[in-house]
């Protein structure tokens, strides 16, 4: 096994070619057993496991990078990048266990990066200095990926999306850093955390809701809508009719409409499940592919 160590000003990245093994988190990505009728499928992935040292958190974070076949056909070609976020109680291996990331990366000629966001909700926790994942993904990991791989390292060729907690995180990071992401999305996103004050360890990042209501409101992605500018980013949001996040996603859609922010919004049959998310990823990749080419 060959490992490359590269030192940079803000981070240390170790790149190891490994096929991701099963992670300790739940198979559904949301702290519950695999939904009835959903087979647990582990798919082999020809990706790189990269360990990036976070200076802000003072610790190493492991991530998966999947390259398209075109990457190996021409050693000068550069590619757009999609950051693909997992859900609560999940890890960076989740997407590779359920979706054929190799084929999807090749079909859309895109590099796919799956960060390990742990149970951070992808913001910088005001309470826990070891949970600073907005900074990690938007700055430290982004710099590592752009330095290690032949990326098109500009906002118009960089997108971010995710499922559930990762849907919240993708919009949170993109909407707070529009200079870095030209396109963003959310699948079954928990886009208003204030409606779920006792779930998914959010209290560990923000404190109890009853005594920290402003802090929770300030970290709910739905409350970022007033800062958005029409046409600044390409946005796709979807959810299933039977998902427990259905209502908060409809609320976000209505807030975007009221603010006259263009976006694609889809409601399809489905629940909070991998069957829904794997299908949804196809739509998001088509959307981002058009966004990359249009720009």
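Would you mind stating whether residue 185 is touching a strand residue (DSSP E or B) at 6+ places or on another chain (Cβ under 9 Å) and under 16 Å from residue 272 (Cα atoms)? Full working, then the answer.
On the way: touching a strand residue (DSSP E or B) at 6+ places or on another chain (Cβ under 9 Å): yes; under 16 Å from residue 272 (Cα atoms): no.
In short, no.
Give the range 142-158 a look and list any residue that's touching a strand residue (DSSP E or B) at 6+ places or on another chain (Cβ under 8 Å) and farther than 16 Å from residue 80 by Cβ, or say none.
Across the range 142-158, the qualifying residues are 144, 147.
If we scan the range 178-188, do we find a residue that is in a helix (DSSP H, G or I) and either surrounded by fewer than 21 Cβ atoms within 10 Å (Cβ to Cβ) or at pLDDT below 95 (or both)?
Filtering the range 178-188 down to residues in a helix (DSSP H, G or I) leaves none.
No, because not a single residue in the range 178-188 is in a helix (DSSP H, G or I) and either surrounded by fewer than 21 Cβ atoms within 10 Å (Cβ to Cβ) or at pLDDT below 95 (or both).
Since residue 202 meets every condition but one in (1) farther than 30 Å from residue 81 by Cα; (2) modelled with pLDDT under 95, which condition does it not meet?
(1)
Restricting the search to the range 87-111, which residues are part of a loop (DSSP other than H, G, I, E, B), surrounded by 22 or more Cβ atoms within 10 Å (Cβ to Cβ) and either in contact with a strand residue (DSSP E or B) (Cβ under 7 Å, 6 or more places away or on another chain) or free of Cβ contacts under 8 Å to residues at least 24 places away in the same chain (or both)?
Within the range 87-111, 87, 92, 93, 110 qualify.
So which residues in the range 204-252 are surrounded by 14 or more Cβ atoms within 10 Å (Cβ to Cβ), out of contact with any strand residue (DSSP E or B) (no Cβ under 8 Å at 6 or more places or on another chain) and not in a helix (DSSP H, G or I)?
Passing the criteria: 207, 212, 219, 220, 228, 232, 243, 244.
Looking only at residues that are outside any helix (DSSP H, G or I) and either touching a strand residue (DSSP E or B) at 6+ places or on another chain (Cβ under 7 Å) or free of Cβ contacts under 8 Å to residues at least 24 places away in the same chain (or both) in the range 126-141, which one is nearest to residue 281 (Cα to Cα)?
Ranking the candidates gives 132 first.
Please go through the range 247-260 and give me each residue that is out of contact with any helix residue (DSSP H, G or I) (no Cβ under 7 Å at 6 or more places or on another chain) and more than 12 Å from residue 186 (Cα to Cα), ordered by number.
Start the filter on the range 247-260 by keeping residues that are out of contact with any helix residue (DSSP H, G or I) (no Cβ under 7 Å at 6 or more places or on another chain), which leaves 247, 249-250, 253-254, 257-258, 260.
Correct list: 247, 250, 254, 257, 258, 260.
Of the conditions (1) outside any strand (DSSP E or B); (2) farther than 18 Å from residue 57 by Cβ, residue 159 satisfies every one except a single condition; which number is it?
Going through the list (1) outside any strand (DSSP E or B); (2) farther than 18 Å from residue 57 by Cβ, residue 159 breaks only (1).
Yes or no: the range 185-204 includes at least one residue that is without any contact (Cβ under 8 Å) to a residue 40 or more places away in the chain, over 19 Å from the mean Cα position of the chain (by Cα) and closer than 27 Å to residue 294 by Cα. Before the answer, list the steps.
We begin by selecting, within the range 185-204, every residue without any contact (Cβ under 8 Å) to a residue 40 or more places away in the chain; these are 194, 196-199, 203.
Restricting the remaining residues to those that are over 19 Å from the mean Cα position of the chain (by Cα) gives 194, 196-199, 203.
From what is left, the residues that are closer than 27 Å to residue 294 by Cα are none.
No, the range 185-204 contains no residue that is without any contact (Cβ under 8 Å) to a residue 40 or more places away in the chain, over 19 Å from the mean Cα position of the chain (by Cα) and closer than 27 Å to residue 294 by Cα.
The values are calculated or read from the model by the stated rules, or taken from the named source; none is laboratory data. Note that the structure is a prediction, hence the values are computed from the model and not measured. So basically every Cβ, Gly included, is an ideal-geometry build from the backbone, and we count neighbours across all protein chains shown.
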